[in-house]
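Peer 1: To start, I am sharing the structure in question, which I have written as structure tokens.
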Amino acid sequence: MADADSSSIAASKNSSSWLSGFCAAARRTKAIAPASSVGEGLVRRLGLLDLVLIGIGASIGAGIFVVTGTVAHDAGPGVTISFIIAGLSCVLNALCYSELSSRFPAVVGGAYLYTYSAFNELTAFLVFTQLMLDYHIGAASIARSLAGYVVSLLELIPLFSDAIPKWVGHGEELMGALSINILAPIILLLLTLVLCWGVGESSILNSIMTVTKVLIVLFVIAVGSSEVDVSNWKPFAPNGIKPILTGATVVFFAYVGFDAVANSAEESKKPQRDLPLAIMGSLLVCAALYIAVCLVITGMIPYQHLGEEAPLSEAFKSKGLKYVSVIISFGAVAGLTTTLLVGLYSRLYFGLGRDGLLPSIFANIHPTRRTPIHSQVWVGLVAGILGCLLNVHVLSHILSVGSLTGYSVVSACVVKLRWDDAETSQVPDRKRSSSNKTEVIIYLVSTAACGFAAGAIFRFSTKYIFMILPTAAAIGLVAALCSRQAYNTSPPTGFSCPGVPIVPSVSIFVNMFLFGQLHYEAWIRFVALSIVALGIYASYGQSHANPEST
């Protein structure tokens, strides 16, 4: 009996010891010198133009060639406003990203790194898993779309007309659960090889393809503007404001390329100067092109007649301009190729392998090509399996989960780091001193909850007056955050996000509002993946992590 009691006590102590160790590990942060020049192993080859083209290449693709028609069917010409709303939301996110990419210009990791520095290790790992699943699913879905466009172009040749099996590029259903597509993983393999060959070579390919598709889009705008009938814009919002706001959540992913710029920090020649300029520059270029294209195609033909899969091509066909539709198909191939190339270009696995949260094999750099070849192959492999076997139509509805949550955390990092700066520098003119750093986290999390609540109320068509409650609560939280101001008015170095803490707080609220309107499967994905990530961290990451790594 005594032995049983002693064993029980020992087990209890071991359990308590493991839990305390887990909590201590989860709260760890990574200290990074703001003006650090680390970047061991990776070669700095990317200039400002390269970074801008990476951002544009990651953004302009399926959004401009496909989703425009889908949203226009519900929002009408108001799809233009949908793109404006989504663009404004991304501007807020980009301002926060720009400050952090300037603050930590020489290290790889993006949102993961920022979270590791501002909050803690566990939160950073959770952000990583949500973002990487977005990258994997997004790459797989884009590869399947690209395969379909390539096959469609080949079928223009009489030799291949109606002679290519569905399983090659368009996908063939199998057993109701699988959809076989052979060309998609082949495309992913080829682009993965390009990325493994070297960032300089992949940057050249991305630049060529990005310039090509931008020129094609400008050509489409120029030719299409002469075919616009302004009467097609009336009424501008035929179904009211709700489809426009819902459309903004759909087109949000069309802008999410600027984070790829932040993830290129260690390969940028002048990161502190170029990263903020590239982030904002690529975002503004994309927004201008999206708005112009929306106005042109909804002005060319009535929105009801726009195709959902290829709206641009079909709009020009309806006007007898078939040669333009062929050019658009080539533009779609170029657009989807660059989007896929940048989507596969991820250094997050490399960063986590270097920090010990994942096996060190992910941090290995090829001795001659100077690229993280193992992490790059893994990204391509996972995307290739998904692209080959799965119809990602349903998965596409949950693509924005990682982006919206990750961007919200990035916005929160700006406020938290400013708060911490003042705590260490003892700013003399702050309104009130506070050493309780948990306070700012409570404000930010509560603001996010209010945004989600407002979005969920709007999504489920409850009386919209109830949206006033979470919105008013969020305003009160931001006001309280301002009144408890305990952070510097600007970061130590580089670009400064204006209006802190208001701008980051509004960014969090808007992101979570959009999150609240996603399909319920997106919420399930968020919870399920968080549980899986927690298990991986508990079983491996916490005991192998090395926050002191550089």
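The values are calculated or read from the model by the stated rules, or taken from the named source; none is laboratory data. Fair warning: this is a prediction, and the values are worked out from it, not measured in the lab. Quick reminder, even Gly has a Cβ in these numbers, built from the backbone with ideal geometry, and neighbours come from all protein chains shown. In case anyone asks, the SASA skips ligands and DNA or RNA and just uses the protein heavy atoms, side chains included. Shrake-Rupley method; radii C 1.70, N 1.55, O 1.52, S 1.80 Å.
Peer 1: For the range 17-35, name all the residues that are in a loop (DSSP other than H, G, I, E, B) and either at pLDDT below 80 or open to solvent by 40 Å² or more (accessible area, probe 1.4 Å) (or both).
Peer 2: Taking the range 17-35 as the starting set, the residues that turn out to be in a loop (DSSP other than H, G, I, E, B) are 27-35.
ARG27, ARG28, THR29, ALA31, ILE32, ALA33, PRO34, ALA35 - these are the residues of the range 17-35 that are in a loop (DSSP other than H, G, I, E, B) and either at pLDDT below 80 or open to solvent by 40 Å² or more (accessible area, probe 1.4 Å) (or both).
Peer 1: Name the pairs: first residue in the range 342-357 and on the phi > 0 side of the Ramachandran plot, second residue open to solvent by 10 Å² or more (accessible area, probe 1.4 Å), Cβ to Cβ under 7 Å, at least 6 apart or on different chains?
Peer 2: Final answer for the pair search is GLY356/HIS544; GLY356/ALA545; GLY356/ASN546; GLY356/SER549.
Peer 1: Still on this model: Within the set of pairs 6 or more residues apart or between chains, which connect a residue that is under 30 Å from ASN391 (Cα atoms) and in contact (Cβ under 8 Å) with a residue 24 or more places away in the chain inside the range 113-139 to a residue that is open to solvent by 10 Å² or more (accessible area, probe 1.4 Å) and among the small types (Gly, Ala, Ser) with Cβ atoms less than 7 Å apart?
Peer 2: Qualifying pairs under 7 Å: LEU126/SER530; ASP134/SER403; TYR135/GLY343; GLY138/GLY343; ALA139/GLY343.
Peer 1: Turning to a different aspect of this structure: Out of (1) outside any helix (DSSP H, G or I); (2) under 29 Å from the mean Cα position of the chain (by Cα), the odd one out for GLY320 is which?
Peer 2: Going through the list (1) outside any helix (DSSP H, G or I); (2) under 29 Å from the mean Cα position of the chain (by Cα), GLY320 breaks only (2).
Peer 1: So which residues in the range 270-286 are among the aliphatic types (A, V, I, L, M) and modelled with pLDDT of 80 or more? Full working, then the answer.
Peer 2: To start, the set of residues in the range 270-286 that are among the aliphatic types (A, V, I, L, M) comprises 275, 277-280, 283-285.
Answer for the range 270-286, where residues must be among the aliphatic types (A, V, I, L, M) and modelled with pLDDT of 80 or more: LEU277, ALA278, ILE279, MET280, LEU283, LEU284, VAL285.
Peer 1: Name the residue that is surrounded by the most Cβ atoms within 10 Å (Cβ to Cβ), counting only residues in the range 320-350 that are touching a helix residue (DSSP H, G or I) at 6+ places or on another chain (Cβ under 6 Å) and among the small types (Gly, Ala, Ser).
Peer 2: Step by step, filter the range 320-350, then rank; the result is GLY335.
Peer 1: Can you say whether LEU357 is assigned to a helix (DSSP H, G or I), aliphatic (A, V, I, L, M) and either open to solvent by less than 20 Å² (accessible area, probe 1.4 Å) or farther than 27 Å from THR123 by Cα (or both), as far as the supplied structure shows? Break it down into steps so the answer makes sense when it comes.
Peer 2: Details: assigned to a helix (DSSP H, G or I): no; aliphatic (A, V, I, L, M): yes; either open to solvent by less than 20 Å² (accessible area, probe 1.4 Å) or farther than 27 Å from THR123 by Cα (or both): yes.
Taking the combined requirement at face value, the residue does not satisfy it.
Peer 1: Right, here's the next one. Of the conditions (1) modelled with pLDDT of 75 or more; (2) over 18 Å from LYS270 (Cβ atoms); (3) of a type in the set (A, V, I, L, M), ALA2 fails just one. Which one is it?
Peer 2: (1)
Peer 1: Let me ask you something else. Considering the range 111-169 alone, what residues qualify as being open to solvent by 10 Å² or more (accessible area, probe 1.4 Å), in a helix (DSSP H, G or I) and charged (D, E, K, R)?
Peer 2: ASP134, ARG144, LYS166, listed by residue number.
Peer 1: If you don't mind, another one. Being of a type in the set (Ser, Thr, Tyr) and closer than 17 Å to SER483 by Cα is the filter here; which residues of the range 439-462 pass it?
Peer 2: First, pick out the residues of the range 439-462 that are of a type in the set (Ser, Thr, Tyr): 443, 446-447, 461-462.
Those that are of a type in the set (Ser, Thr, Tyr) and closer than 17 Å to SER483 by Cα: TYR443, SER446, THR447.
Peer 1: Then there's this: Looking at SER282, is it without any contact (Cβ under 8 Å) to a residue 40 or more places away in the chain, in contact with a Gly (Cβ under 8 Å, 6 or more places away or on another chain) and crowded, with 20+ Cβ neighbours inside 10 Å? Steps first, please.
Peer 2: Working: without any contact (Cβ under 8 Å) to a residue 40 or more places away in the chain: no; in contact with a Gly (Cβ under 8 Å, 6 or more places away or on another chain): yes; crowded, with 20+ Cβ neighbours inside 10 Å: yes.
For SER282, the condition - without any contact (Cβ under 8 Å) to a residue 40 or more places away in the chain, in contact with a Gly (Cβ under 8 Å, 6 or more places away or on another chain) and crowded, with 20+ Cβ neighbours inside 10 Å - is not met.
Peer 1: On the basis of being within 16 Å of the chain's Cα centre (by Cα), assigned to a helix (DSSP H, G or I) and at pLDDT 85 or above, does ALA75 make the cut? Steps first, answer last, please.
Peer 2: Values: within 16 Å of the chain's Cα centre (by Cα): no; assigned to a helix (DSSP H, G or I): yes; at pLDDT 85 or above: yes.
Against the criterion (within 16 Å of the chain's Cα centre (by Cα), assigned to a helix (DSSP H, G or I) and at pLDDT 85 or above), ALA75 does not qualify.
Peer 1: Under the condition of being in contact with a Gly (Cβ under 7 Å, 6 or more places away or on another chain) and buried (at least 21 other Cβ atoms within 10 Å of the Cβ), which residue from the range 363-398 is modelled with the lowest pLDDT?
Peer 2: The extreme case among them is THR371.
Peer 1: Now a separate question. Can you tell me which residue among ALA288, ALA334 is touching a Lys or Arg at 6+ places or on another chain (Cβ under 9 Å) and closer than 30 Å to GLY69 by Cβ?
Peer 2: Details: ALA288 fails: touching a Lys or Arg at 6+ places or on another chain (Cβ under 9 Å).
When all the criteria are applied, what remains is ALA334.
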